[in-house]
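Only one structure is covered here, and it is reproduced in the block below.
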Amino acid sequence: MVGETALPGRLHVISHPGRYGLGPEQPGSIYAVVDSMLVRIDPETREIQSVIRRVDRILD
């Protein structure tokens with residue numbers, strides 16, 4: 001999964017990181033859910049930078 005490009009139809013960009021227990025986004029990345037996994041992605045390329053954990057549902 002890390003290094004892959006998240007496809008638009010399978011990607012949900014997180015707009016409220018606190019609802020997932022996350023702090024502010026790191027420069028050069030945004031939080032997203034891809035295939036039930038909470039990840040950090042590059043906002044320009046949609047490349048998955050890291051996998052954080054599995055999530056049961058979208059909270060925002």
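The values are calculated or read from the model by the stated rules, or taken from the named source; none is laboratory data. Just so you know, these numbers come straight off a predicted model, no measurement behind them. Counting neighbours? That spans all protein chains shown, and the Cβs are built from the backbone with ideal geometry, glycine included. Accessible surface is based on the protein model in full, side chains and every heavy atom, while ligands, DNA and RNA are left aside. Shrake-Rupley method; radii C 1.70, N 1.55, O 1.52, S 1.80 Å.
Whenever a residue of region 14-29 is at pLDDT 95 or above, its partners that are assigned to a loop (DSSP other than H, G, I, E, B) and open to solvent by 90 Å² or more (accessible area, probe 1.4 Å), lying with C-beta atoms within less than 8 angstrom and at least six residues away or across chains, give the pairs P17/P24. Applying a threshold of 6 Å to beta carbon distances and a minimum spacing of six or more residues, or different chains, the list of pairs starting in region 46-60 at a residue that is at negative phi and ending at one that is open to solvent by 40 Å² or more (accessible area, probe 1.4 Å) and among the β-branched types (V, I, T) reads E47/T5; I48/V2.
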